[in-house]
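**Student:** Take a look at the following structure, please.
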Amino acid sequence: MPGAIYAEGLVKTFGDVRALDGVDLDVPEGSVLGLLGPNGAGKTTAVRVLTTLLQPDSGRAVVAGHDVLKAPVQVRRSIGLSGQFAAVDEYLTGRENLQMVGELYQMSSRSAKARAVELLEQFNLTEAGDRSAKTYSGGMRRRLDLAAALIVRPPVMFMDEPTTGLDPRNRMMLWEVIESLVAGGTTLLLTTQYLEEADRLAHDIAVVDHGKVIARGTADQLKAQTGGERVEVVVHDPALLGTATEILTAFSKGGSTVDKHTRRITVPVAGGAKLLAEVIRELDSRGIEIDDIGLRRPTLDDVFLSLTGHAAEADQAVEGEASEAAKPGASAGAGVGVVGTAGEENK
Amino acid sequence: MAATSAAPKLSDAPVPKGGIVQSVHDSLVMARRNLIRMARIPEMVIFGMIQPVMFVLLFAYVFGGAIGVPGAGGDKTAYREFMMAGIFAQTVTFATAGAGAGIADDMHKGLIDRFRSLPMARGAVLTGRTLADLVQTALVMVVMIVCALIVGWRIHDGLIKALAGLGLLLLLGYAFSWIGALIGLSVRTPEAATSGGLIWLFPLTFLSNAFVPTDSLPTFLQHVADWNPFSATVQACRELFGNQLAPVPSDAWPMQHPAWASLLYSLLIIVIFRTLSVRKYRSAA
Ligand SMILES: Nc1ncnc2c1ncn2[C@@H]1O[C@H](COP(=O)(O)OP(=O)(O)OP(=O)(O)O)[C@@H](O)[C@H]1O
Ligand SMILES: [Mg+2]
């Protein structure tokens with residue numbers, strides 16, 4: 001039986017751009033799919049097709065048991081959508097916005113009113129509830145939009161970058177709301193650029209690039225696929241970078257990457273904390289002073305970058321030719337990009 | 001009501017009633033939305049009123065007497081009364097621009113995605129807007145009538161007939177707002193919808209019996225004017241208000257039965273343009 005959200009071979013082109021190029025998805029009822037992908041990958045287009053806003057050129061999609069092309073009205077009855085850009089009426093107050101959406105879901109005006117009160121409360125908008133949405137900050141609009149998507153507790157939800165622009169407190173709040181929705185049986189498709197968010201909320205992850213699903217699995221599966229642990233060392237004295245790289249390469253499973261600018265050396269390893277201790281002893285005994293050392297496990301950022309960047313190929317080149325890597329040539333330069341960027345985002 | 005529901009398939013949404021009941025309900029919800037917006041952008045409404053008032057004054061005092069009206073002789077008041085139906089009718093057709101701009105604006109904002117992903121009646125976004133415009137047109141009419149009364153316009157055949165004339169005017173305005181809806185759906189910006197809604201109104205309203213006696217026109221244009229839907233409403237109002245001064249100089253059917261012609265024309269416009277607009281709305285991506 002297909003899941004609550006099911007898509008097969010979705011294709012959508014805009015002129016020359018193949019926004020969707022054969023996307024298959026299957027989200028079991030009650031689970032959360034995280035759709036990851038770089039800008040322009042086709043995430044929003046996929047959401048628009050699944051929510052009946054856009055007709056695919058070819059392919060088939062079934063949401064909550066209804067075909068999006070053949071029974072769009074039934075699909076709309078079963079879904080909630082929070083699009084990438086907040087869809088609220090600027091001239092209406094927050095309360096009026098929610099009430100209007102409730103009534104368009106055919107709630108009686110009294111229950112729409114009551115539901116609006118609840119949602120304003122839940123999304124920390126009670127105080128601003130009677131101001132026109134025009135006066136809201138970006139994050140407040142976002143929250144109002146999310147509240148509107150949740151009016152009827154729909155069995156299937158779509159959220160396109162729901163936490164973009166939210167402050168940490170409200171992001172946590174939304175995560176909790178999402179978790180309680182899912183606990184209540186809602187199926188959710190979520191696109192996000194915050195990989196931490198996918199890690200926490202999504203049961204399954206699909207990585208999209210150029211309109212295709214290029215990887216799928218649980219967060220752990222994807223991390224395992226990307227590679228194991230790495231040791232990262234920042235050497236104090238740039239003159240000792242070469243010596244240090246030699247020492248580290250001896251512990252490496254294959255190759256090393258060196259960033260001369262930050263004096264950072266990264267090598268893939270196997271052996272965990274015990275190996276890290278050995279590395280430290282060895283460096284110490286050779287008199288190499290270090291500013292920082294750490295054992296890093298792959299994050300979803302690494303997965304994302306290695307799958308969607310050119311980093312994957314560059315890494316392989318490094319591993320293939322260990323001797324090359326010591327000279328900071330083209331391959332090392334490319335490899336550093338991966339670690340550098342990922343490290344920064346983790347701060 | 002708790003934040004979550006226990007059963008997986010539970011949704012708070014009542015099953016849509018479907019059909020005409022839902023259509024009316026959703027349209028009214030959307031009309032209320034548009035009326036709230038109008039109330040919060042009062043300058044739009046106020047400008048919408050100044051223009052017709054200016055027209056009344058201009059025609060009454062600037063053109064008054066300059067254009068000869070059969071049967072009026074040198075009577076300035078008679079001329080003003082004769083002109084008023086044309087000015088009323090021209091004003092209600094300006095609803096075209098308002099509806100067009102409003103809908104073009106909606107279509108290019110994120111909010112339309114919300115509406116299109118809701119299980120609401122298909123034409124409700126458009127119907128709601130046209131209904132709100134109808135309310136605005138009615139307000140404008142009230143202001144104009146007061147102005148017209150001040151400059152000397154009177155009804156001579158009783159209130160019932162006058163109200164019937166007013167009804168025809170509002171219906172014409174409503175019909176034209178559906179033309180505006182189609183224009184609004186066809187252009188990219190509200191500005192384009194405004195000018196696209198107005199440019200053809202001038203030839204349409206001037207190639208009619210509104211401001212000049214049609215027997216002064218070349219034969220071909222005389223036929224155009226006689227069959228112009230706009231002329232029918234103007235003629236109907238003149239008769240219903242008792243402002244007609246001389247026998248109608250035309251045997252064309254709409255000129256002989258202007259009230260029926262006006263009613264039929266307006267209904268026809270509504271049916272055609274509503275159908276086209278709703279279809280276009282649904283296919284818009
Ligand atoms: N209406 C449109 N007309 C033309 N091109 C479009 C349209 N909508 C999307 N595209 C193109 O389709 C591709 C996919 O866009 P989409 O919005 O789905 O990306 P995305 O994955 O959501 O990106 P982001 O992370 O930036 O939101 C892009 O190249 C975009 O330019
Ligand atoms: Mg997007």
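Each value in this text was obtained by applying a stated rule to the coordinates, not by laboratory testing. Note that the coordinates shown come from a computational prediction; the quantities given were computed from them, not determined experimentally. Positions of Cβ are backbone-derived with ideal geometry, glycine not excepted, and every protein chain shown enters the neighbour counts.
**Student:** Once the dipole of chain A is set up with Lys and Arg at +1 and Asp and Glu at -1 on Cβ about the Cα centre, which of A:231, A:147, A:42 lies farthest towards its positive end?
**Tutor:** A:147
**Student:** Explain nothing, just the number: dipole magnitude of the protein assembly as shown about its Cα centre with +1 on each Lys and Arg Cβ and -1 on each Asp and Glu Cβ, in debye rounded to the nearest 20.
**Tutor:** Details: 57 positive and 63 negative charges, 460 e Å.
Taking the Cα centre of the protein assembly as shown as origin, the dipole is about 2220 debye.
**Student:** In percent, how large is the relative contact order of region B:231-285, given Cα pairs closer than 8 Å and 6 or more residues apart? Numbers along the way, then the final one.
**Tutor:** Values: 27 pairs, mean separation 19.5, N = 55.
35 percent.
**Student:** Using a 7 Å offset from the Cα along the Cα-to-Cβ direction at both residue B:276 and residue B:216, what is the distance between the two label points in nm, to one decimal?
**Tutor:** Here the answer is 3.3 nm between the modelled labels.
**Student:** Could you work out the relative contact order of region A:229-296? I mean the mean sequence separation of Cα pairs under 8 Å and 6+ apart, divided by the number of residues, in percent.
**Tutor:** Numbers: 113 pairs, mean separation 33.8, N = 68.
Across region A:229-296, relative contact order equals 50 percent.
**Student:** Now a separate question. Express the relative contact order of region B:17-283 as a whole percentage, based on alpha carbon pairs under 8 Å and six or more residues apart in sequence. Could you put the intermediate results ahead of the total?
**Tutor:** Values: 377 pairs, mean separation 72.1, N = 267.
Taking the mean separation of contacting Cα pairs over the length of region B:17-283, I get 27 percent.
**Student:** Separate question: Round to the nearest 0.05 the FRET efficiency obtained for residue A:253 and residue A:284 when R0 = 22 Å and r is the Cβ-Cβ distance. Walk me through the numbers on the way to the answer.
**Tutor:** Working: r = 22 Å, r/R0 = 1.02.
Using R0 = 22 Å, I get an efficiency of 0.45.
**Student:** Only bridges whose two residues both fall in the protein assembly as shown count here: according to DSSP, what percent of them are antiparallel, nearest 5? Present the calculation step by step, with values, prior to reporting the outcome.
**Tutor:** Values: 35 of 52 bridges.
Among the beta bridges of the protein assembly as shown, antiparallel pairing accounts for roughly 65 percent.
**Student:** Here's something else I'd like to know. Could you tell me the calculated FRET efficiency between residue A:243 and residue A:270, based on Cβ-Cβ distance and R0 = 22 angstrom, to the nearest 0.05? The partial results should precede the final answer.
**Tutor:** Values: r = 23 Å, r/R0 = 1.05.
E between residue A:243 and residue A:270, to the nearest 0.05, is 0.40.
**Student:** I would also like to ask the following. Where does the protein assembly as shown land at 222 nm, in deg cm²/dmol rounded to the nearest 500, when only DSSP H runs of n ≥ 4 count, each adding -39500 (n - 2.57), divided by all residues? The partial results should precede the final answer.
**Tutor:** Working: 27 runs with 346 residues, N = 632.
Here the helix-only value at 222 nm equals -17500 deg cm²/dmol.
**Student:** Related question: Projected onto the charge dipole of region B:94-212 (+1 at Lys/Arg Cβ, -1 at Asp/Glu Cβ, origin at the Cα centre), which of B:207, B:140, B:127 gives the Cα projection farthest towards the positive end?
**Tutor:** Value computed over the given set: B:127.
**Student:** Another one. Would you mind telling me the antiparallel percentage of the DSSP bridges in chain A, rounded to 5?
**Tutor:** On the way: 35 of 52 bridges.
About 65 percent, rounded to the nearest 5.
**Student:** In region B:114-143, whose amide N lies under 20 Å from the spot 7 Å out along Cα-to-Cβ of residue B:50? List them in ranges.
**Tutor:** Output list for this probe position: B:136-143.
**Student:** Tally Lys/Arg at +1 and Asp/Glu at -1 over every other residue whose Cβ is under 10 Å from the Cβ of residue A:83; what's the total? Intermediate values should be presented prior to the final figure.
**Tutor:** Numbers: positive: A:48, B:114; negative: A:145, A:160, A:161, B:113.
Local net charge: -2.
**Student:** Give me the net charge of residue B:209's neighbourhood, meaning all other residues with Cβ under 11 Å from the Cβ of residue B:209; Lys, Arg count +1, Asp, Glu -1.
**Tutor:** Details: positive: B:238; negative: B:215, B:226.
My count for the surroundings of residue B:209 gives -1.
**Student:** Same structure, new question: Starting from the Cα gyration tensor of chain A, take the square roots of the eigenvalues, sort them a ≥ b ≥ c, and report rounded, prolate or oblate (rounded when a/c is under 1.5, otherwise prolate if a/b is larger than b/c, else oblate). It would help to have the intermediate numbers written out before the result.
**Tutor:** Details: a/c = 2.85, a/b = 2.00, b/c = 1.42.
It is prolate, given that a/c is not under 1.5 and a/b is the larger ratio.
**Student:** Within 10 Å of each Cβ of A:87-97, how many other protein chain Cβ atoms are there on average?
**Tutor:** That works out to 4 on average.
**Student:** With labels modelled as points extended 7 Å from the Cα through the Cβ direction, what inter-label distance (nm, one decimal) is found for residue B:189 paired with residue A:203?
**Tutor:** 4.9 nm
**Student:** Residues of region B:153-197 with backbone nitrogen within less than 19 Å of a virtual label 7 Å along the Cα-to-Cβ line of residue B:78, please, listed as ranges.
**Tutor:** Counting only backbone N, you get B:153-157.
**Student:** What shape does chain B have by the C-alpha gyration tensor, where a ≥ b ≥ c are the square roots of the eigenvalues, rounded means a/c under 1.5, and otherwise prolate means a/b greater than b/c and oblate the rest?
**Tutor:** On the way: a/c = 2.36, a/b = 2.18, b/c = 1.08.
It comes out prolate by the Cα gyration axes.
**Student:** So how do A:53, B:159 line up by other beta-carbon neighbours within 10 Å, fewest first?
**Tutor:** Details: A:53 21, B:159 8.
By the 10 Å Cβ count, ascending: B:159, A:53.
**Student:** Further question on the same structure: Within 10 Å of each residue's Cβ, count the other Cβ atoms and sort B:147, B:237 from fewest upward.
**Tutor:** On the way: B:147 20, B:237 27.
So the residues, fewest neighbours to most, are B:147, B:237.
**Student:** Another one. What net charge do the residues around residue B:282 carry, taking every other residue with its C-beta under 11 Å from that of residue B:282, with Lys and Arg at +1 and Asp and Glu at -1?
**Tutor:** On the way: positive: B:116, B:122, B:279, B:280; negative: none.
For residues surrounding residue B:282, the net value is +4.
**Student:** Rounded, prolate or oblate: which fits the protein assembly as shown, taking a ≥ b ≥ c as square roots of the Cα gyration tensor eigenvalues, rounded meaning a/c under 1.5, else prolate when a/b beats b/c?
**Tutor:** Numbers: a/c = 3.24, a/b = 2.76, b/c = 1.17.
The shape class here is prolate.
**Student:** Just to confirm the filter: which GluC sites (Glu not before Pro) across region A:108-165 are DSSP coil and have at most 11 other Cβ within 10 angstrom of their Cβ?
**Tutor:** A:127
**Student:** Another one. May I ask for the distance between the Cα centers of region A:210-228 and region B:156-208, given as a whole number of Å?
**Tutor:** 59 Å
**Student:** If you don't mind, there's one more thing I want to ask. Can you flag which of A:12/A:223; B:109/B:280; A:12/A:70; A:12/B:280 are past 26 Å Cα-Cα?
**Tutor:** Long pairs (Cα-Cα over 26 Å): A:12/A:223.
**Student:** To the nearest 20 debye, what is the magnitude of the charge dipole of region A:11-97 about its Cα centre, counting +1 on the Cβ of each Lys and Arg and -1 on the Cβ of each Asp and Glu? Show your work: numbers first, answer last.
**Tutor:** Details: 9 positive and 10 negative charges, 26 e Å.
The calculation lands at about 120 debye.
**Student:** While we're here: Where in region A:249-305 are there GluC sites (Glu not before Pro) that are in a DSSP coil and have at most 13 other Cβ atoms within 10 angstrom of their Cβ?
**Tutor:** Details: sites: A:278, A:282, A:289; in loops: A:289.
When the GluC sites (Glu not before Pro) of region A:249-305 are filtered for loop state and at most 13 Cβ neighbours within 10 Å, A:289 remain.
**Student:** Mind giving me the nanometre distance, one decimal, between the label points for residue B:268 and residue B:159, set 7 Å out from Cα along Cα→Cβ?
**Tutor:** 3.5 nm
**Student:** How well do other chains shield peptide A:98-109, expressed as the mean number of their Cβ atoms within 10 Å of each residue Cβ? Could the numbers behind the result be given before it?
**Tutor:** Values: counts 0, 3, 8, 5, 3, 8, 16, 8, 14, 3, 1, 2.
Per-residue shielding by partner chains comes out at 6.
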